[in-house]
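Enquirer: My questions all concern the structure below.
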Amino acid sequence: MPEFRIDFAPGEPHVALRKKGITYYVPSLFHMSLTYQHTVPLFIADVLRSTDPLKIYGQNALHLGKEGCFLIKNHPFKTFTIMGRMMLFESHEVPGRSGADSYQFHVLYIDDFLGENLTLRVKIEAHLIPAASLEKNDLLLKISGSLGAFNGKKQMLATEVVIRGGHHDIAIELAWWTAVLDSRKYIEQPWRYFPPKATIAEPTMPKTIFEYKDARKRQEKRRILVSSCEKTRRSTLGTGTFNNAMDSFVIHKDMSPSLNRSNSGSELSAVSRDQLQDVSHCFRR
């Protein structure tokens, strides 16, 4: 039997999984976390005990490891700051290939004396701080950067190094511890993300919208048509066209000589008889 149950939160796309009572959100939401947006002051013990995203998200978190991302509880971190005393200093130079310039960097081992044997290896580019400045004993350094790995162990990749004091500057360390404790109060509570509420609108039939200008156009068109019809009616009545119009039966009567009863003796003209004889054979069976 496993010691804990993994819940993949079906129906909640913003949740990747729940493990040991902690909700881990999908990596695409990390930018919504305050710890991911800012450079957070941390104790060295918190950095060394942080969780690799690969252990939570699997292969989906490969790009997070390259970006230096790590987790404390479910809080994602991208950059952080530590302060401690330099216990050991090494300077390295790697020859360049094909005539290129050599690569120089320093390796520091920093301890903030808040845990037993909790020393963090820090890699610093040589241009960030000269080696001569690091040769003093018991330097108090403030270092910012991201998290990487060296030989399977955590290593800090520094982007900024500031010398804050020496052996007797205890007050600076106390002020730093106070600042880190304030940030730890926030980190102790799990990060909670509340997705925006989506409203589902009920489907409705499209409504026909009649604008005022369309109504005016229709009224103007109707007025023009009525006016045109009225003018036509008046002009027709004035000329007497309807009184002089011939009935359709009268027209057909005039056009058909055989039906014209005004012909004397009811006899067909010679032309009409010849025409009938020419077409009569078409109707014979």
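Values in this text are rule-based calculations from the coordinates and carry no lab data. All values reported here derive from a predicted model rather than from experimental measurement. Note that each Cβ is placed from the backbone with ideal geometry, even for glycine, and that neighbours are counted across all protein chains shown.
Enquirer: What's the extension gain from Val26 to Ala131 if we count 0.36 nm per residue and subtract their Cα-Cα distance? Spell out each step's value before the answer.
Expert: On the way: separation 105, 0.36 × 105 = 37.80 nm, distance 4.23 nm.
Once the chain is fully extended between Val26 and Ala131, it gains 33.6 nm.
Enquirer: Hey, fewest Cβ within 10 Å first, where do Lys136, Lys154 land in order?
Expert: Lys136, Lys154
Enquirer: Next question, about the same structure. Using only alpha carbon pairs under 8 Å that are at least six residues apart, calculate the relative contact order of region 1-129 and give it in whole percent.
Expert: It rounds to 18 percent for region 1-129.
Enquirer: May I pose another question? Pull up the cross-link candidates among the lysines for Lys217, meaning alpha carbon to alpha carbon under 21 Å and not fewer than 8 places away within one chain.
Expert: List returned: Lys207.
Enquirer: Any idea what diffusion coefficient region 7-69 gets from Stokes-Einstein, in µm²/s, Kirkwood Rh on alpha carbon pairs, 25 °C, 0.890 mPa s? Don't jump to the answer; show the numbers that get you there.
Expert: Numbers: Rh = 13.0 Å.
Rounded, D is 189 µm²/s.
Enquirer: Calculated FRET efficiency, Ser102 and Ile163, Cβ-Cβ r, R0 30 Å, to nearest 0.05? Please list the in-between numbers first.
Expert: Values: r = 25 Å, r/R0 = 0.84.
Using R0 = 30 Å, I get an efficiency of 0.75.
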